[in-house]
Amino acid sequence: MTAKPLSTTRHSMSPQLTERSSGSILRHLIVTEAKLFIREPIGLIFVFAFPILTVLIIGSSFEADDPAFGGAPPSAYYIAAYIGVVLAAVGLVMLPVHLASYRERGVLRRFQASHFSAWALPVAWIAVATALTVVAIATLLATTQLVFGVPAINDLPLTLLGLALGIWTSINTGIVLGLALPNARAAQGVGLALFFPSFLLGGAGPPPAVMPSIMRTVAELVPTNHVVKAIQQPWLGIGSSTTFHLIVLTLIGIVTTVMWVALAHRVTAD
Amino acid sequence: MRTGFLALMLETMLTHPVSPLPRPARTHQRFSSGAVISVEAISKSYSGRCVVDDVNFSVDGGEIFGLLGANGAGKTTTVECLQGLRRPDAGSLRVLGLDPNADHARLRRSIGSQLQQSSLPDRLRVSEAVALFDQARGRDVMAHLDRWGLAEQAKTSFADLSGGQRQRLFIVLALLNEPEVVFLDELTQGLDPAARRDVWQVIRDVRDRGTTVVLVSHFAEEIEALCDRVAVMDHGRIVDTGTPRQITDRHASLTTICFTPRRGLDRQRVARLDGVERIEEHDGQITVFGTSSMIASVCAETLESGRGPDDLRIQHPTLDDALVNLIGAIQ
């Protein structure tokens, strides 16, 4: 009962066809995943439409010289804050629902049973989520530029560092939730339950200066608050705790990376 | 005259009132080239519950090999081990000479899979799915879909396909890269009878092109219609292996002939006919139990002035009967 050795004479492919390289396979997967993310209405609404609509409303809701914003114009304060909302939407809504849906419906098993390597899908998710985040932020800035004007960046390297750490932690959080939660419905429920407090307390809601002290303390514990401050402070040249926020984001990034690597077996069977 | 009538009667019985026999599987193995799959003493447990227990079998090149059993018998776990999707706790496996776990990436290029519990993203279109899972560059996707009757659905999202179209797409994907071995797990589950027979013909065509097929099903009629050999599983163990006919002969009930007897039928004479095991009579109807060799002589005894009973029915034992008896006897 010995199986024959793998045939070397029978090619598994017709002679006129050539085998794709692993790079070509990954590129094709990334493009296809991008199309699928774009066709998912709930993700598009939260990542693109919601931040733009709400920043236009709230940015127009305060007097230009309102002292609650630490000397910055309200529209400038909120533009940076709503970049944090885009990141929260990617990490708490779009990615978890997409990944949990794949796991729940057996899509991951379909990929596992094909020629894709075990890491191809996570790499594609990271690539697509990063690209969509950048496009969503660019769309947000282009829209707000037309309505309010976008303020000049005070410290570009530090702002970009805050943005990069924000993207990293956001995508990691999305992957952790998508792998940890049992199904798409749970991912959507938990994601939305986390998103709205993050949105309201993370800097995109009322400014901390108008909050009672207890709510200011709670807001400081919300991870999105660190993302927003890490971008907002060097951008507008306000505040003095940027280093602290960058350190917190780095720690969150490391912890979530360890968590999703530990959960990576859920991408495969057994 | 009697012989002529018998021939006519048998032909009529075999076309209408008699339970139809499933199309027999081809028993010759045109492409047979030795074992391409060998399974030796594999076992697998989940949380201490043994779902595959000391399973052994081999599959020859170019045959359709069936794994038959009730839900939970361990069939899917066994074929998932063969595809490298699960790692057995004990035993050894070889598929095309490769270890499915150690050589997973290499093996994946030579096998095709249709998994029982798998799906595609809802918004993935049919043509995109084929392009995505294609290992080759230069394939004409539309021509490929046309060949499998899915060209009209090329732009249709997976969520909008019917059950039959989805199963057909899964077959397309499983066969896309011209595998040497293809694993098909509960392929026709949920299909209507016409769609099921279409899929059966596709599987025969696949085998005829030289691909070895491992077919997992709890549906005995499907196994009987398609498979050259079958292993019957129950509670994680293989309880019998052979051709569908061999398993039916070993475990199925007897052939039965049921009819309203003519006046003066000599029951003693019928009971002594070759192949007859016993006769039962209920509500004016006689049921004769025996082997298939009794059919002609019992039918001849039913004649009266050249006419047979209008309600005569013959039931042949099926693999389904054998499966029920086999598993029932074990339990």
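What angle, in degrees between 0 and 90 and rounded to the nearest 10, separates the Cα long axis of helix A:156-180 from the longest principal axis of the Cα atoms of chain A?
Taking Cα atoms only, the helix is inclined about 50 degrees.
Treating chain B as a set of equal point scatterers at the Cα positions, no solvent, please give the Debye-formula log₁₀ I(q)/I(0) at q = 0.06 Å⁻¹.
Normalising to I(0) and taking log10 leaves -0.28.
Helix B:319-330 versus the longest principal axis of chain B: what angle, 0 to 90°, nearest 10, using Cα atoms?
So the inclination is approximately 90 degrees.
Using the Karplus curve 6.51 cos²θ - 1.76 cosθ + 1.60 with θ = phi - 60°, work out ³J(HN,Hα) for each residue of segment B:189-201 in order, rounded to whole Hz, and write x for Gly and Pro.
4, x, 8, 6, x, 5, 5, 5, 5, 4, 5, 4, 5
On alpha carbon coordinates alone, what is the Rg over Rh value for segment A:115-184, Rh being the Kirkwood radius?
Working: Rg = 15.9 Å, Rh = 14.4 Å.
Reported Rg/Rh, Kirkwood definition of Rh: 1.10.
Might you report the magnitude of the Cβ-based charge dipole of chain B about its Cα centre, with Lys and Arg at +1 and Asp and Glu at -1, to the nearest 20 debye? List each step's numbers first, then the result.
Values: 38 positive and 44 negative charges, 100 e Å.
With Lys and Arg at +1 and Asp and Glu at -1, about 480 debye.
Please compute, for the alpha-carbon atoms of segment B:193-331, the extent along each of the three principal axes and give them in descending order in Å.
57, 34, 25
Check B:MET233: other-chain or 5+ apart residues with amide H under 5 Å from its amide H, H built from backbone geometry?
B:LEU68, B:GLY69, B:VAL239
Take every residue in peptide B:101-113, count the Cβ atoms of other chains within 10 Å of its Cβ, and give the average of those counts. Kindly include the intermediate steps, with their values, before the conclusion.
Numbers: counts 1, 0, 1, 3, 4, 1, 1, 6, 6, 4, 2, 3, 5.
Counting Cβ atoms of other protein chains within 10 Å of each residue's Cβ and averaging gives 3.
Determine the shape class of segment B:258-309: with a ≥ b ≥ c the square roots of the Cα gyration tensor eigenvalues, call it rounded for a/c under 1.5, and otherwise prolate if a/b is greater than b/c, oblate otherwise. Don't jump to the answer; show the numbers that get you there.
On the way: a/c = 1.72, a/b = 1.20, b/c = 1.43.
Here segment B:258-309 falls in the oblate category.
Compute for segment A:132-270: radius of gyration divided by Kirkwood radius, i.e. Rg/Rh, restricted to C-alpha atoms, rounded to two decimals. It would help to have the intermediate numbers written out before the result.
On the way: Rg = 16.5 Å, Rh = 16.5 Å.
In segment A:132-270, Rg relative to Rh is 1.00.
Around B:GLU304, which amide H atoms from residues at least 5 apart in sequence, or from another chain, sit under 5 Å from its own amide H, with H modelled in the peptide plane?
The answer is none.
Evaluate the relative contact order of chain A (contact order divided by residue number), counting alpha-carbon pairs under 8 angstrom at least 6 apart; express in whole percent.
Details: 333 pairs, mean separation 70.8, N = 270.
The value is 26 percent.
Determine, for each peptide in A:195-201, A:152-158, the mean count of other beta carbons within 10 angstrom over its residues, then list the peptides with the highest first. It would help to have the intermediate numbers written out before the result.
Working: A:195-201: 19.4, A:152-158: 13.1.
Most protected by this proxy first, the peptides run A:195-201, A:152-158.
What distance in nm separates the two pseudo spin-label positions at A:GLN145 and A:THR130, each 7 Å out from Cα along the beta-carbon direction?
2.3
Give, rounded to the nearest 20 debye, the magnitude of the charge dipole that the protein assembly as shown has about its Cα centre when Lys and Arg contribute +1 at Cβ and Asp and Glu contribute -1 at Cβ. Before the final figure, lay out each step's value.
Working: 52 positive and 54 negative charges, 160 e Å.
It comes to approximately 760 debye.
Tell me, what HN-Hα J-couplings in whole Hz come from the Karplus equation 6.51 cos²θ - 1.76 cosθ + 1.60 at θ = phi - 60° for each residue of segment B:100-105, using x for Gly and Pro?
With the stated coefficients, segment B:100-105 comes to x, 8, 5, 10, 3, 4 Hz.
Amide H of B:GLY290: which non-local residues (sequence gap of 5 or more, or other chain) have their own amide H closer than 5 Å, using H built in the peptide plane?
B:THR255, B:GLU277
Can you give me the P(r) profile for segment B:165-219? Cα pairs, bins 10 angstrom wide beginning at 0, each as a whole percent.
The calculated distribution, bin by bin, is 24, 62, 15.
May I ask for the angle, rounded to the nearest 10°, between helix A:120-147 and the longest principal axis of chain A, with both axes built from Cα atoms and the value confined to 0 to 90°?
The angle comes out at about 30 degrees.
Determine which residues of segment A:40-83 fall in the zone a paramagnetic label at A:ASN154 would reach in this model, i.e. backbone nitrogen under 12 Å from the point 7 Å along Cα→Cβ.
Residues A:70-73, A:77 fall inside that zone.
Just counting partner chain Cβ atoms within 10 Å, what average do the residues of peptide B:134-141 show around their Cβ? Mind showing how you got there, number by number?
Numbers: counts 7, 10, 8, 9, 6, 4, 1, 0.
Per residue, the average neighbour count from other chains is 6.
Order B:239-246, A:22-29 from most to least packed using the mean count of other Cβ atoms within 10 Å.
Working: B:239-246: 17.2, A:22-29: 15.4.
Packing proxy ranking, top to bottom: B:239-246, A:22-29.
Please compute the volume of the convex hull spanned by the alpha-carbon atoms of the protein assembly as shown and report it per residue in Å³.
Values: hull volume 125.9 nm³, N = 601.
Here the figure is 210 Å³ per residue.
At 222 nm, what value in deg cm²/dmol follows for chain B if DSSP H runs of at least 4 each add -39500 (n - 2.57) and the sum is divided by all its residues, to the nearest 500?
Details: 12 runs with 110 residues, N = 331.
Result for chain B, helices only: -9500 deg cm²/dmol.
Assigning unit charges at the beta carbon (Lys, Arg +1; Asp, Glu -1) and nothing else, what dipole magnitude in debye, to the nearest 20, does segment A:6-144 show about its Cα centre? Please report the intermediate quantities before stating the final value.
Details: 9 positive and 7 negative charges, 210 e Å.
Here the size comes out at about 1000 debye.
Give me the one-decimal nm value for the distance between modelled label points at A:LEU53 and B:GLN268, 7 Å along each residue's Cα-to-Cβ direction.
9.3
With θ set to phi - 60° and the Karplus curve 6.51 cos²θ - 1.76 cosθ + 1.60, what are the ³J(HN,Hα) couplings of segment B:77-89 in order, to the nearest whole Hz, using x for Gly and Pro?
4, 4, 6, 5, 5, 5, 8, x, 8, 9, 10, x, 6
How are the Cα pair distances of segment B:64-173 distributed, in percent, across 10 Å bins from 0?
Final binned percentages: 12, 36, 32, 18, 2.
Only the coordinates and a few stated rules stand behind these numbers; no lab work does. Keep in mind the model is a prediction, meaning the values are calculated, not measured. Here Cβ is always computed from backbone atoms with ideal geometry, including for glycine, and neighbour counts include all displayed protein chains.
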